[in-house]
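The values are calculated or read from the model by the stated rules, or taken from the named source; none is laboratory data. Since the model is a prediction, treat every value here as computed from it, not as a measurement. Every residue, glycine among them, receives a Cβ derived from its backbone with ideal geometry; neighbour counts consider all protein chains shown. The protein model used for the area step is the full one, side chains on, heavy atoms only, and it has no ligands, DNA or RNA in it. Shrake-Rupley method; radii C 1.70, N 1.55, O 1.52, S 1.80 Å.
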Amino acid sequence: MDINVIFRIAGIGILISVLNMVLKQAGKEEQAQMLTLSGVVIVLLMVIQLIQRLFDDIRSVFGF
Amino acid sequence: MGFFSVLGFMLIVAVLLLIIRKERPEMAVLLAIAAAGMVMVSLLKYVADILLVFEAMARKASVRTEYLTLIIRIVGIAYLAGFGAQICKDAGETGMAAKIELAGKIFILSMGIPVMAGLLDVILKAF
């Protein structure tokens, strides 16, 4: 239950939203969309690792 | 991982979620999933200890072991169904949450069938 992963995800989220504002100011809408998608993909990969660890632990505890 | 660390952890996550949810709601959902997953992992230790105590008691009461493993598996499904349904509700997808709960109920029911069949046999044999 290390808080670092949470701060990392929150940091990526905040960074993405800030960069989006900057890109929107600069008039580059499509880059902003690409940036949002890449942010979601990165965070999704991190979350999937956590979920996989959760499912393995549950499988071992509950004997699935 | 005492209770206080879970509480503190969740308060921090709640604040971070509030910050992120305004601009990037999808990131907030991902963060909620990650936090919920981590807390569930850390709670698993305590659930495992409780289950061990139940197993010891059941062995003393000479309950048949396949019923016990069935019950433990049902508790696992309930544990996960609650996890998934709550995350879908947080994301605003109450429909998905209902589907997850329905699936959980169906799997639990399908696992409970042999127990009910065994019970019926015992009752019929008695009369």
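Kindly indicate which of B:Ile12, B:Ile20 is open to solvent by 50 Å² or more (accessible area, probe 1.4 Å), more than 21 Å from the chain's Cα centre (by Cα) and at the interface with another protein chain (Cβ under 7 Å from one of its Cβ atoms).
Residue meeting the stated conditions: B:Ile12.
Table: residues versus (1) out of contact with any Asp or Glu (no Cβ under 7 Å at 6 or more places or on another chain); (2) in a helix (DSSP H, G or I); (3) among the acidic types (Asp, Glu); (4) under 27 Å from B:Thr65 (Cα atoms).
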| position | (1), (2), (3), (4) |
| --- | --- |
| B:Gly92 | yes, no, no, no |
| B:Lys99 | yes, yes, no, no |
| B:Lys105 | yes, yes, no, yes |
| B:Ala117 | yes, yes, no, yes |
| B:Ile123 | yes, yes, no, yes |
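May I ask you to list the residues in segment A:9-30 that are in a helix (DSSP H, G or I) and exposed (fewer than 15 other Cβ atoms within 10 Å of the Cβ)?
Matches in segment A:9-30: A:Gly11, A:Leu15, A:Val18, A:Met21, A:Val22, A:Lys24, A:Gln25, A:Glu29, A:Glu30.
Out of all the residues in segment B:63-85, is one or more away from every other protein chain (no Cβ under 13 Å), part of a helix (DSSP H, G or I), without any contact (Cβ under 8 Å) to a residue 40 or more places away in the chain and buried (at least 19 other Cβ atoms within 10 Å of the Cβ)?
yes
Listed residues A:Val47, A:Val40; which is in contact with a helix residue (DSSP H, G or I) (Cβ under 9 Å, 6 or more places away or on another chain), surrounded by 15 or more Cβ atoms within 10 Å (Cβ to Cβ) and closer than 30 Å to B:Asp49 by Cβ?
On inspection, the qualifying residue turns out to be A:Val47.
Going by the conditions given, is A:Asp2 loosely packed, with under 12 Cβ neighbours inside 10 Å and either of a type outside the set (Val, Ile, Thr) or within 7 Å of chain B (Cβ to nearest Cβ) (or both)?
Taking the combined requirement at face value, the residue satisfies it.
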